[in-house]
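The values are calculated or read from the model by the stated rules, or taken from the named source; none is laboratory data. Here the structure is a predicted model, which means the values were calculated and not measured. Positions of Cβ are generated from backbone atoms using ideal geometry, with glycine treated the same way; all protein chains shown enter the neighbour counts.
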Amino acid sequence: MIIPCEIASKSVIPALRAMVARELIEEYGLKQEQVATRLGVTQAAVSKYRHQVRGEAVHLESAPEVRTITRDIASLLSKSPDPIAVSQKLCQACTDIRALGLMCETCHKVDPAWDVEHCTICFGNHSCTELVSIEPSSLGKYRRIPVRA
């Protein structure tokens, strides 16, 4: 049995960190050690994010909504951020990424027996429903697995 939050913690969060790390390095000129401190990871992890060795289990960069989210998180981290505010942004990002349908293929890869075609857990049918900030018309926008009745 898969739990979407568990899949997200192993795929979406590292992918978000990778995108934010690259943004902080490329747009804000931060050093890998500074980025590592702000993201709460090691410098080696940032190096792997930067070179796309880590954080690539789910591809998020093609979604403009996710690029906007990661730019917002990087902007927040470029200053002296409140850790709670950063955590809230990351949770929001994860919820929105799930709602966009960007994690469906990963769930299917993790557990091929999971009935992904009938699953709508991430599209607002979970306890984080009130946190989804994307437009309702964007729910499942990037889902490549059709929902069958």
Can you go through Leu77, Leu102 and tell me which one is modelled with pLDDT of 85 or more and part of a helix (DSSP H, G or I)? Leu77
Answer yes or no as to whether Glu61 is in a loop (DSSP other than H, G, I, E, B), among the charged types (D, E, K, R) and within 29 Å of Phe123 (Cα to Cα). yes
Quick one: which residue in Leu30, Leu16, Leu39 is in contact (Cβ under 8 Å) with a residue 40 or more places away in the chain, closer than 19 Å to Pro81 by Cβ and within 18 Å of the chain's Cα centre (by Cα)? Leu16
Out of the stretch 64-90, which residues are exposed (fewer than 14 other Cβ atoms within 10 Å of the Cβ) and closer than 18 Å to Gly140 by Cα? Pro64, Thr68
Do we find a residue being under 15 Å from Leu90 (Cα atoms) and hydroxyl-bearing (Ser, Thr, Tyr) anywhere in the stretch 1-10? yes
